1. Of the conditions (1) touching a His at 6+ places or on another chain (Cβ under 9 Å); (2) free of Cβ contacts under 8 Å to residues at least 40 places away in the same chain, Leu19 clears all except one; give me its number.
2. Can you name every residue in segment 36-61 that is assigned to a strand (DSSP E or B) and either touching a Ser or Thr at 6+ places or on another chain (Cβ under 9 Å) or hydroxyl-bearing (Ser, Thr, Tyr) (or both)?
3. Scan segment 86-142 residue by residue and report those that are assigned to a loop (DSSP other than H, G, I, E, B), surrounded by 14 or more Cβ atoms within 10 Å (Cβ to Cβ) and of a type in the set (S, T, N, Q).
4. What's the number of the only condition in (1) at pLDDT 95 or above; (2) closer than 18 Å to Met149 by Cα; (3) in contact with a Lys or Arg (Cβ under 6 Å, 6 or more places away or on another chain) that Thr24 fails to meet?
5. Within segment 18-31, track down each residue that is of a type outside the set (D, E, K, R) and surrounded by 14 or more Cβ atoms within 10 Å (Cβ to Cβ).
6. β-branched (Val, Ile, Thr), under 29 Å from His128 (Cβ atoms) and more than 14 Å from the chain's Cα centre (by Cα): is that true of Thr21 in this structure?
7. Might you let me know whether segment 71-83 holds any residue that is under 18 Å from Phe106 (Cβ atoms) and small (Gly, Ala, Ser)?
Amino acid sequence: MTLEIERKYRVKDDSFKPLATKETRIVQGYLSSVPERTVRVRIKGEKGFLTIKGIGSESGASRYEWEKEISVADAQALLAICEPGVIDKTRYLVPHEGHTFEVDEFYGENLGLTVAEVELESEQQQVHRPQWLGEEVTGDARYYNSMLMKTPFSQW
């Protein structure tokens, strides 16, 4: 199991799109969405994944994560038994000053929400923020995908 350290931000506009080096459609659901442990099933492009995440640190920037690639057929079967709600989004990879931001543009009931995450080596590591980043929302549980399936952006 690895420790995932990241910061999350709202995105102001779509000026990041021409800078993206890759984009991938992602559909995911949750077998368990309790804060102490989330179990996520994801189809990312042409691959399936099962991911388990532990509870976050006090700042919300760190948590344990375990991920295993599974077949798309298995991922589709598991999605059928997930909790109600689905996350549908496109992920853009956007390099900026030595970091790669993962920018997620949401669809469905989360349409209109775009967030960016950047992985860090420590919680104290500084990041040069691109102009298209908005407010930091690290640790705000409303922005966790597992919460967006329960209370979508359109219901805020």
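The values are calculated or read from the model by the stated rules, or taken from the named source; none is laboratory data. These numbers come from a predicted model, not from an experiment. Ideal geometry is used to build each Cβ from the backbone, glycine not excepted, and the neighbour counts take in all protein chains shown.
1. Against the list (1) touching a His at 6+ places or on another chain (Cβ under 9 Å); (2) free of Cβ contacts under 8 Å to residues at least 40 places away in the same chain, Leu19 comes up short only on (2).
2. So in segment 36-61, the residues assigned to a strand (DSSP E or B) come out as 37-44, 47-54.
The answer is Thr38, Val39, Arg40, Val41, Arg42, Lys44, Lys47, Gly48, Thr51, Ile52, Lys53, Gly54.
3. Thr138
4. Thr24 satisfies every listed condition except (2).
5. We begin by selecting, within segment 18-31, every residue of a type outside the set (D, E, K, R); these are 18-21, 24, 26-31.
Within segment 18-31, Leu19, Ala20, Thr24, Ile26, Val27, Gln28, Gly29, Tyr30, Leu31 meet the criteria.
6. Details: β-branched (Val, Ile, Thr): yes; under 29 Å from His128 (Cβ atoms): yes; more than 14 Å from the chain's Cα centre (by Cα): yes.
Taking the combined requirement at face value, the residue satisfies it.
7. Keep residues of segment 71-83 that are under 18 Å from Phe106 (Cβ atoms), which gives 79, 82-83.
From what's left, small (Gly, Ala, Ser): none.
Among the residues of segment 71-83, not one is under 18 Å from Phe106 (Cβ atoms) and small (Gly, Ala, Ser), which makes the answer no.
For (1) under 15 Å from the mean Cα position of the chain (by Cα); (2) at pLDDT below 95; (3) under 17 Å from Glu23 (Cα atoms), each residue gets a yes or a no:
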{"residue": "Ser59", "(1), (2), (3)": "no, yes, no"}
{"residue": "Val86", "(1), (2), (3)": "yes, yes, no"}
{"residue": "Tyr92", "(1), (2), (3)": "yes, no, yes"}
{"residue": "Glu102", "(1), (2), (3)": "yes, no, yes"}
{"residue": "Thr114", "(1), (2), (3)": "yes, no, yes"}
{"residue": "Gln124", "(1), (2), (3)": "no, yes, no"}
{"residue": "Pro152", "(1), (2), (3)": "yes, no, no"}
